Amino acid sequence: MRLLLVEDEPDLGAAIKDVLSDEAYVVDWFLDGTQAWQYLEHGWTEYTLAVFDWMLPGVSGLDLCKWLRKQNLSLPVLILTAKDRMEEKIIGLDSGADDYLVKPFDMAELLARLRALRRRAPQIQSRHFQVGCLMLNYSTHEITRQYPHGEKQVFSLTVKEFQLLEYFMKHPNQIISRDQIINQLWEIGAEPVSNVVAAQIRLLRRKLGEENSESLIETIYGVGYRLHV
């Protein structure tokens, strides 16, 4: 799962990012609302959830929410703020936020609220995601593959393998470039080694029992990769 975090308090932002990373989220953290807005406008990355502080330099968290809803984007948003009056909570929710968490808060509550948003989000309501012969289990990070004669096999995936296969399954039969994969699976500012995508593809094929076959994940030389379903 990829999450957009916009929090201008460095200590709090770093703490939130560490906790979320431990929960297998890929987290892009911005200290400035304007930078986050510009990144969202370009649409380089597909996010599952967002956490916005209310008061931010440049563009506020509420303005980010309003912009998302004007674009008809259903990205679930949790607002963080020290404002705890009922009128202020109503303003936040009416601006397009899906939930509201008052500072200071416990990280366990933050994680619980994000899990609740994930359950409510239309695109991730189910614990399973199936495309063709592949079914992801979000609870166990396992993939079930069904073969033509009806037999099934279950594979356990690492976090990165799971994220990679999920990305392919959300774009079946589409050619996905190396740069698109890096933008989606690694945090902003990360500098993975040059062959990291090819290495992850190789590991994923091996995990799926296709080390010497590309029947599912095809290499389009010079362009990218494609998942056949």
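Only one entry of Glu41, Glu88, Glu7, Glu23 meets the criterion of being of a type in the set (Asp, Glu) and within 25 Å of Tyr138 (Cα to Cα), and that entry is Glu23.
Taking the residues in the range 48-58 that are under 30 Å from Ser177 (Cβ atoms) and either surrounded by fewer than 19 Cβ atoms within 10 Å (Cβ to Cβ) or aliphatic (A, V, I, L, M) (or both) as candidates, determine which candidate is modelled with the highest pLDDT.
Filtering the range 48-58 down to residues under 30 Å from Ser177 (Cβ atoms) leaves 48-52.
Keeping just the survivors that are either surrounded by fewer than 19 Cβ atoms within 10 Å (Cβ to Cβ) or aliphatic (A, V, I, L, M) (or both) gives 49-51.
Working: Leu49: 91, Ala50: 92, Val51: 95.
If we take residues in the range 48-58 being under 30 Å from Ser177 (Cβ atoms) and either surrounded by fewer than 19 Cβ atoms within 10 Å (Cβ to Cβ) or aliphatic (A, V, I, L, M) (or both), then Val51 is modelled with the highest pLDDT.
Within the option set Ile181, Ile176, being out of contact with any Phe, Trp or Tyr (no Cβ under 6 Å at 6 or more places or on another chain) and touching a residue at least 24 places away in the same chain (Cβ under 8 Å) holds for one residue only, Ile181.
I'd like the full set of residues that are more than 14 Å from Ile176 (Cβ to Cβ) and either modelled with pLDDT of 85 or more or in a helix (DSSP H, G or I) (or both), limited to the range 204-217. Before the answer, list the steps.
At the first step, the residues of the range 204-217 found to be more than 14 Å from Ile176 (Cβ to Cβ) are 205-215.
Arg205, Arg206, Lys207, listed by residue number.
Please work out if Asp8 is among the charged types (D, E, K, R), part of a strand (DSSP E or B) and crowded, with 16+ Cβ neighbours inside 10 Å. The answer is no for Asp8.
Just one of the listed residues (Ile220, Ile143, Ile175, Ile201) is modelled with pLDDT of 85 or more, of a type in the set (A, V, I, L, M, F, W, C), surrounded by 14 or more Cβ atoms within 10 Å (Cβ to Cβ) and over 25 Å from Arg118 (Cα atoms), namely Ile201.
Yes or no, residue by residue, for (1) crowded, with 21+ Cβ neighbours inside 10 Å; (2) of a type in the set (Phe, Trp, Tyr); (3) at pLDDT 85 or above:
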| residue | (1), (2), (3) |
| --- | --- |
| Gln38 | no, no, no |
| Lys83 | no, no, no |
| Tyr100 | no, yes, yes |
| Glu109 | no, no, yes |
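The values are calculated or read from the model by the stated rules, or taken from the named source; none is laboratory data. All figures in this text were calculated on a predicted structure; none of them were measured in a lab. Neighbour counts run over all protein chains shown; Cβ positions are idealised from the backbone, glycine included.
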